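> Below you'll find the structure I mean.
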Amino acid sequence: MRILMVRLSSVGDLVHTLPVLVALRSHFPDATIDWLVETRFRDVLASNPELDELVEVDTLGWRKRLFSPATWKEIAASTRAIRRRSYDVVLDLQGTIKSSVAARLAKSDRHIGFSRSALKERAAALLYSEHVSVTVEPHHVIDRHLRLLSALDIETKERAFPLVVQNEMEEESERSLASLALTEYVILNPGGAWVTKRWAPEKFGALAAAIAKEWKLPTLVVWGPGEAELAQRIVDTSEGSAQLAPATGIRGLIPYIRRARLFVSGDTGPMHLASAVGVPVVGIFGPTDPAKNGPFGPNDAVVWKEVDCGPCYKRRCPGFDNVCMTSIEIEDVLPAVRERLTV
């Protein structure tokens, strides 16, 4: 049996989809299972023992270089890579027009996706040969993804997250933590692909100072591409209690997360990685619904203030001063931190 999973992006969404991969491998141990993913997010899945092959596309790069002849050669090569195998089943776990078009390129008699009413981009349903309905809301997105497997007569709620970290990444993290003189620590993650998901770095800095005062714990500030200045502002406002983490890729971040006492973050991919590896999380949420997109571990907590305009799922606040995040203060977050640090 040959199966193609389609979930192109992003880090958190790929983590949420890993339980589907585990369920497929459990029910079809001899199957060939491939995953269609955006090149810039491939590291989340690279070297995964449950997967046979990653099939990559670079839609962001193609949009930036649309009029270059080299771009069209890359698109043609990616199309050939998608079509070179015939699949018994193609599962679109993203449910957008982009992902459904990519899924449809794969040769198969079964292109499975969610029903039109369950899709944000409803036109995607036109490209599926089979549709799975979601009758109970709200589902966490993990449960929603697993629901798609009902088309293959698989019913499961098991949440397993195979995440592979190379030995050299583990060793590098050990060296870095030793150089920073860190054994026990709390991780703060200020970044986020959407500006609307970010809590103010000065508030993170004050939180770091409060954690140091109450628990005598230092904090490690992690950051991704384009976030170094944001992370440094936390360090600068932390009264000397926070240190800047070294630059890492997304998989290289996992060893640091695994050793942490607590992970405090907005709704970002690294936060979902922390839940997946079992580190207690305090998620600070604004424009997204934590019932659907929140941390999912038994030792996780969410700080979220319901506002009239939310959850809006907007990348830019339409004139309300991002009140869903700016209204959250240190005093709102500290009780959740206290509860998680006593777990």
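The values are calculated or read from the model by the stated rules, or taken from the named source; none is laboratory data. Given the structure is predicted, the values throughout are model-derived calculations rather than measurements. No Cβ is skipped: glycine too gets one built from the backbone with ideal geometry, and neighbour counts run over all protein chains shown. For accessibility, only protein heavy atoms count, side chains too; no ligands or nucleic acids. Shrake-Rupley method; radii C 1.70, N 1.55, O 1.52, S 1.80 Å.
> Filtering region 104-118 down to residues that are over 17 Å from Met1 (Cα atoms) and either of a type in the set (S, T, N, Q) or in a helix (DSSP H, G or I) (or both), which residue is most open to solvent (accessible area, probe 1.4 Å)?
Applying the first criterion (over 17 Å from Met1 (Cα atoms)) to region 104-118 yields 104-105, 113-118.
Still in the list and also either of a type in the set (S, T, N, Q) or in a helix (DSSP H, G or I) (or both): 104-105, 115-118.
Working: Arg104: 108, Leu105: 56, Ser115: 21, Arg116: 129, Ser117: 88, Ala118: 18 Å².
Filtering first and then ranking leaves Arg116.
> Could you tell me whether Ala160 is within 21 Å of Leu36 (Cα to Cα) and assigned to a loop (DSSP other than H, G, I, E, B)?
Yes; evaluated as a whole, the condition is true for this residue.
> Given (1) open to solvent by 50 Å² or more (accessible area, probe 1.4 Å); (2) touching a strand residue (DSSP E or B) at 6+ places or on another chain (Cβ under 9 Å); (3) farther than 24 Å from Leu220 by Cβ, identify the lone condition not met by Arg261.
(3)
> For the subset of region 120-133 comprising residues that are in contact with a helix residue (DSSP H, G or I) (Cβ under 7 Å, 6 or more places away or on another chain) and either closer than 22 Å to Leu60 by Cβ or among the β-branched types (Val, Ile, Thr) (or both), which member is most open to solvent (accessible area, probe 1.4 Å)?
Top of the filtered list is Glu121.
> Being outside any helix (DSSP H, G or I) and over 30 Å from Asn48 (Cα atoms) is the filter; apply it to region 215-234 and report the residue that is most open to solvent (accessible area, probe 1.4 Å).
Filtering first and then ranking leaves Lys216.
> Please pick out the residue among Ala31, Ala77, Ala70 that is among the aliphatic types (A, V, I, L, M), under 19 Å from Met1 (Cβ atoms) and more than 21 Å from the chain's Cα centre (by Cα).
Testing whether each residue is among the aliphatic types (A, V, I, L, M), under 19 Å from Met1 (Cβ atoms) and more than 21 Å from the chain's Cα centre (by Cα) leaves just Ala31.
> Can you tell me which of (1) assigned to a loop (DSSP other than H, G, I, E, B); (2) within 19 Å of Val279 (Cα to Cα) is the one Ile211 doesn't meet?
Failed condition: (1).
> Only one of these is at pLDDT below 95 and not acidic (Asp, Glu): Val343, Val277. Name it.
Working: Val277 fails: at pLDDT below 95.
Result of the check over Val343, Val277: Val343.
> Another question, then. Check His131 against each of (1) assigned to a loop (DSSP other than H, G, I, E, B); (2) over 19 Å from the mean Cα position of the chain (by Cα) and name the one condition it does not meet.
Tallying (1) assigned to a loop (DSSP other than H, G, I, E, B); (2) over 19 Å from the mean Cα position of the chain (by Cα), His131 fails exactly one: (1).
> Go through (1) over 25 Å from Arg144 (Cα atoms); (2) of a type in the set (S, T, N, Q); (3) open to solvent by 20 Å² or more (accessible area, probe 1.4 Å) and name the single condition Ser241 misses.
Result: Ser241 fails condition (3) only.
> Still on this structure, I have one more. Out of region 86-102, which residues are assigned to a loop (DSSP other than H, G, I, E, B) and either more than 27 Å from Leu146 (Cβ to Cβ) or open to solvent by less than 60 Å² (accessible area, probe 1.4 Å) (or both)?
Leu93, Gln94, Gly95, Thr96
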